[in-house]
Amino acid sequence: MLEKPAAKPVTTRPEPSRRFCVAPMLDWTDRHCRFFLRQLSRHTLLYTEMVTTGALLHGDAQRFLNHHEAEHPLALQLGGSVPAELATCAKLAEQAGYDEVNLNVGCPSDRVQNNLIGACLMGHPMLVADCVKAMRDAASTPVTVKHRIGIDGRDSYAELCDFVGQVREAGCRSFVVHARIAILAGLSPKENREIPPLRYEVVAQLKRDFPDLEIILNGGIKTLEECRQHLQTFDGVMLGREAYHNPYLLARVDQELFDNHLPPITRREALEGLRPYIQQHQAEGGALHHITRHVLGLGQGFPGARRFRQLLSVDIHKASDPLELFDRAAALLEGR
């Protein structure tokens, strides 16, 4: 059993706005990615990769919980289904200063199903409610749930309402809803992001039937224009892969969705904002490509974009002075 780290002073923060969020994405939304995305938008709510309760309780908890103060507002996504374990992890998240704890009830992979984690929990609404209650009782950090609109064998609207209703009774007030069912038998996680049809109308009906709840729409959203349209119906929107592959989209989020009047940051300014962070990472023994692999999406749609991506994805592994190569790549973003 993990020995709990010494309690830190808990930072009292206002509950984060969920108007625009970047989804938790395995192997992508690590702390370096989040620090980079924060250069582009002050107000976007960022999520960690999913962290299992086992990883926190029996592994290197500090490594999983570690984040830079600049990443806030920041949510920790947990994977688990044992209320007592989730309660302990919620307390650890509170001590680490996270703004939200989110329970994963949406991941369809076989590996997490076997541990009763992710989308399969939609078939166990009472257990999810118990998990939410345990986390809320253990910590003051807001607890939210990210889920699908159903799973194979439990995909009726009545069953969705039963799930949301039971979890609401446990005190959850914010639900991130991926507008697809998850097919747990026969489809890979990638196929589960593409094959089941998007059904925004189901999530819209859920908002009408649960007007007291905060409903954040997830799934298939790619542009800020789509975000504005969805925000007429929903309380928030969450983007996943589009935000990673086209991160400069975030540069306009504060101005267009949060009424911030500052001009959008340029691509070059966003990259140069990483330089002190990179130097610190290198001083601690880290490799530059740990960070630059997340910025390749800045290289789109302008002369020199391909060269930019090559410098930071290929050449960087053989450079004698990686930081000098980083500066050459930044110069290609001049005026962008």
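Count the net charge of all other residues whose Cβ sits under 15 Å from the Cβ of residue 326, scoring Lys and Arg as +1 and Asp and Glu as -1.
With Lys, Arg at +1 and Asp, Glu at -1, the neighbours total +1.
So what does residue 133 come to for accessible area, using a 1.4 Å probe and Å² rounded to 10?
Spelled out: residue 133, probe radius 1.4 Å, area about 110 Å².
Do the sum for the chain: with -39,500 (n - 2.57) for every DSSP H run of n ≥ 4, divided by all residues, what is the mean residue ellipticity at 222 nm, to the nearest 500 deg cm²/dmol?
-10500 deg cm²/dmol
Taking the Cβ of residue 147 as the center, what net charge do the other residues with Cβ under 13 Å away carry, scoring Lys and Arg +1 and Asp and Glu -1?
+2
Which FRET efficiency, nearest 0.05, do residue 126 and residue 62 yield, Cβ-Cβ r, R0 22 Å?
Taking R0 as 22 Å, the efficiency between residue 126 and residue 62 is 0.10.
Could you put 17, 41, 109 in order of accessible surface area, largest first, with the 1.4 Å probe and the full protein assembly present? Provide the component values of the computation, followed by the final result.
On the way: 17 55, 41 0, 109 20 Å².
Sorted by accessible area, descending: 17, 109, 41.
Starting from the Cα-Cα distance between residue 208 and residue 233, subtract it from 0.36 nm times their residue separation and give me the gain in nm to one decimal. The partial results should precede the final answer.
Details: separation 25, 0.36 × 25 = 9.00 nm, distance 0.90 nm.
Net length gain for the segment: 8.1 nm.
In the full protein assembly as shown, how much of residue 180 is accessible to a 1.4 Å probe, in Å² to the nearest 10?
30
Please get the size of the charge dipole for the chain, origin at its Cα centre, with Cβ charges of +1 on Lys and Arg and -1 on Asp and Glu, quoted in debye to the nearest 20.
That gives a dipole near 560 debye.
Under the 0.36 nm per residue contour assumption, what length would be gained going from the current alpha-carbon distance of residue 15 and residue 324 to full extension?
Net length gain for the segment: 107.2 nm.
Per the 1.4 Å probe, what fraction of the accessible area of the chain, in percent, lies on carbon and sulfur atoms?
About 50 percent, which is the carbon plus sulfur part of the accessible surface.
Would you mind classifying the stretch 183-242 by shape? Square roots of the alpha carbon gyration tensor eigenvalues, ordered a ≥ b ≥ c; an a/c under 1.5 is rounded, otherwise it is prolate if a/b is larger than b/c and oblate if not. All intermediate terms of the calculation are to be shown ahead of the outcome.
Working: a/c = 2.62, a/b = 1.45, b/c = 1.80.
The shape class here is oblate.
So, in nm, how far is label residue 42 from label residue 256 when the simple model puts each one 7 Å beyond its Cα toward the Cβ?
Placing both labels 7 Å along Cα→Cβ, they lie 1.9 nm apart.
Once both labels are modelled 7 Å past Cα along the beta-carbon direction, what's the residue 287-residue 162 spacing in nm?
Each label point lies 7 Å from its Cα, and together they span 5.0 nm.
With the crude spin-label approximation of a point 7 Å out along Cα→Cβ, what separation in nm comes out for residue 223 versus residue 70?
Between residue 223 and residue 70, the simple spin-label model gives 3.2 nm.
Per the Debye formula with a single identical scatterer at each Cα and no solvent contribution, what log10 I(q)/I(0) holds for the chain at q = 0.14 Å⁻¹?
Here the Debye-derived log intensity ratios amount to -1.15.
Quick one: accessible area per residue over the chain, 1.4 Å probe, rounded to a whole number of Å²? Kindly include the intermediate steps, with their values, before the conclusion.
Numbers: 14600 Å² over 336 residues.
Accessible area per residue, the chain: 43 Å².
Any chance you could run the full-extension gain for residue 137 through residue 169? It's 0.36 nm times the residue separation minus the Cα-Cα distance, nm to one decimal.
That pair, residue 137 and residue 169, stretches by 10.2 nm at full extension.
The values are calculated or read from the model by the stated rules, or taken from the named source; none is laboratory data. This one's a predicted model, so the numbers in the text were calculated from it and none came from an experiment. Positions of Cβ are generated from backbone atoms using ideal geometry, with glycine treated the same way; all protein chains shown enter the neighbour counts. Accessible surface is based on the protein model in full, side chains and every heavy atom, while ligands, DNA and RNA are left aside. Shrake-Rupley method; radii C 1.70, N 1.55, O 1.52, S 1.80 Å.
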